[in-house]
Amino acid sequence: MSEESTPKAIGNLQVGMALEGTVKRIEIYGAFVDVGVGQDGLLHVSQLGKSDVKSVGDVLKVGEKLTVYIYKIENGRIALTLVAQPTMSWDSIGEGQMLTGKVVRIENFGVFVDIGAERPGMVHVSELADGYVKNPGDVVKVDQEVQVRVLKINRKKRQIDLSMKTQSEAYEAAPDEKDDESFTSMEMAFRKAMGKDENSANNRNARNRRDTRKSQEDIIARTLREHSNTK
């Protein structure tokens with residue numbers, strides 16, 4: 001930011017604005033930072049961009065210069081954050097939109113891509129390529145820049161589903177891959193002949209699928225929280 005455009009008064013500040021500041025005082029609950037408007041802003045311990053901070057002094061030092069962002073302006077008080085504010089609002093994201101993002105995490109069921117929103121979006125393994133993908137790591141790497149298309153936005157859960165396919169097509173399983181609920185006629189006859197309880201097997205398969213989905217949802221939620229705290 002040039003010297004001419006540097007805000008000189010609180011009235012010139014805007015939420016999300018990036019400023020250069022100097023740490024003036026450190027307290028248990030945060031640090032006061034001089035941002036050049038005649039009143040120090042408060043950088044609360046929760047806005048340091050790190051989790052489990054035991055002491056603000058472990059992260060900041062008096063006299064240290066740093067880039068801060070305007071988090072909130074209320075009743076003449078300035079709240080600051082070290083977490084870069086989203087460059088894209090939820091209202092500006094629409095289904096079908098093409099975006100450029102960066103891969104920030106890879107899991108066996110898909111990858112997380114930072115598109116500049118509050119949280120990264122997720123590309124399911126079935127949406128990584130037009131063909132069958134067994135291992136997401138074979139297609140992308142962490143920090144790789146990728147082109148994605150917005151498939152779905154869940155504003156309540158703050159989740160964004162993305163796709164890297166070049167064309168819209170239904171997911172196709174590997175040729176020799178079978179759905180865990182389907183059995184050949186021979187398998188069914190064998191189960192019946194052996195007196196197996198098919199309902200029990202189906203129930204077990206259903207429980208396994210629920211457990212897998214729950215595990216994936218836990219990983220997704222944890223990844224989104226971690227990214228929000230460190231971005």
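Is it true that T6 is over 14 Å from T81 (Cβ atoms) and modelled with pLDDT of 95 or more? Criteria not met by T6. Counting only strands (runs of 3 or more DSSP E) that sit wholly inside region 31-143, those with at least 1 residues that are within 26 Å of K157 (Cα to Cα), within 19 Å of the chain's Cα centre (by Cα) and at pLDDT below 95 are 77-81, 98-107, 110-114, 121-124. Scanning region 66-81 for residues that are touching a residue at least 24 places away in the same chain (Cβ under 8 Å) and not hydrophobic (A, V, I, L, M, F, W, C) turns up T67, Y69, Y71, K72, G76, R77, T81.
For region 1-16, give me each residue that is in a loop (DSSP other than H, G, I, E, B), in contact (Cβ under 8 Å) with a residue 12 or more places away in the chain and not aliphatic (A, V, I, L, M). Selection gives T6, P7, K8, Q14, G16. Filtered by the rule that a residue be more than 18 Å from D114 (Cβ to Cβ) and either modelled with pLDDT under 50 or touching a helix residue (DSSP H, G or I) at 6+ places or on another chain (Cβ under 9 Å) (or both), region 144-167 gives R155, K165. A count restricted to region 89-126 and to residues that are among the small types (G, A, S) and either surrounded by fewer than 16 Cβ atoms within 10 Å (Cβ to Cβ) or without any contact (Cβ under 8 Å) to a residue 12 or more places away in the chain (or both) stands at 4. Assess whether A18 counts as being surrounded by fewer than 18 Cβ atoms within 10 Å (Cβ to Cβ) and touching a strand residue (DSSP E or B) at 6+ places or on another chain (Cβ under 7 Å). Against the criterion (surrounded by fewer than 18 Cβ atoms within 10 Å (Cβ to Cβ) and touching a strand residue (DSSP E or B) at 6+ places or on another chain (Cβ under 7 Å)), A18 qualifies.
Among the residues of region 29-76, which ones are on the phi > 0 side of the Ramachandran plot and in contact with a helix residue (DSSP H, G or I) (Cβ under 7 Å, 6 or more places away or on another chain)? Residues satisfying the conditions are G30, G49, G76.
Selection of region 17-30 for residues being within 28 Å of the chain's Cα centre (by Cα) and assigned to a loop (DSSP other than H, G, I, E, B) yields M17, Y29.
The values are calculated or read from the model by the stated rules, or taken from the named source; none is laboratory data. As the structure is a computational prediction, the values presented were derived from the model and not from experiment. Virtual Cβ from ideal backbone geometry, glycine too; neighbours counted across all protein chains shown.
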